[in-house]
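The values are calculated or read from the model by the stated rules, or taken from the named source; none is laboratory data. No experiment lies behind these values; they were computed from the predicted model shown. Positions of Cβ are generated from backbone atoms using ideal geometry, with glycine treated the same way; all protein chains shown enter the neighbour counts. When the accessible area is computed, the model is the full protein with side chains, heavy atoms only, and any ligands, DNA or RNA have been set aside. Shrake-Rupley method; radii C 1.70, N 1.55, O 1.52, S 1.80 Å.
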Amino acid sequence: MAKRGYNASFLLILSMFLILLTFSNVVEGYNKLRPGDCKPRCTYRCSATSHRKPCMFFCQKCCATCLCVPKGTYGNKASCPCYNNWKTQ
């Protein structure tokens, strides 16, 4: 009987750990992209600008470094801290 209680406790702790792990990935890594996702995301990001070529260059360069691109076509830089803090000469 004690072994059954141990198994139930172990399964409960394991399931709680997996749920916490899932939520931590959602909160911390929701902007994480794969390198192959950068070009489509930057294409959309730069679609509304008249300076498309420099926008694409810097967006893809930043995405390759940060693996995130802010949402939308303008603003929202705070959603990708690396993009927000990117410095150019």
Restricted to the range 52-64 and to residues being over 13 Å from residue 38 (Cβ atoms) and among the basic types (Lys, Arg), the residue least open to solvent (accessible area, probe 1.4 Å) is 52
Requested in this report: State whether one or more residues within the range 3-26 are at pLDDT 75 or above, of a type in the set (Val, Ile, Thr) and either assigned to a loop (DSSP other than H, G, I, E, B) or under 15 Å from the mean Cα position of the chain (by Cα) (or both).
Outcome: no
Residue pairs within 6 Å by beta carbon, gap of at least six or interchain, first lying in the range 31-51 and hydroxyl-bearing (Ser, Thr, Tyr), second modelled with pLDDT of 90 or more and not in a loop (DSSP other than H, G, I, E, B), listed first then second, are 49/55
If we keep only residues of the range 65-82 that are open to solvent by less than 40 Å² (accessible area, probe 1.4 Å) and free of Cβ contacts under 8 Å to residues at least 40 places away in the same chain, then the residue nearest to residue 47 (Cα to Cα) is 72
Selection from the range 28-38 of residues at pLDDT below 70 and open to solvent by less than 100 Å² (accessible area, probe 1.4 Å) yields 29, 31
Within the range 39-78, residues outside any helix (DSSP H, G or I) and more than 19 Å from the chain's Cα centre (by Cα) come out as 47, 48, 49, 50, 51
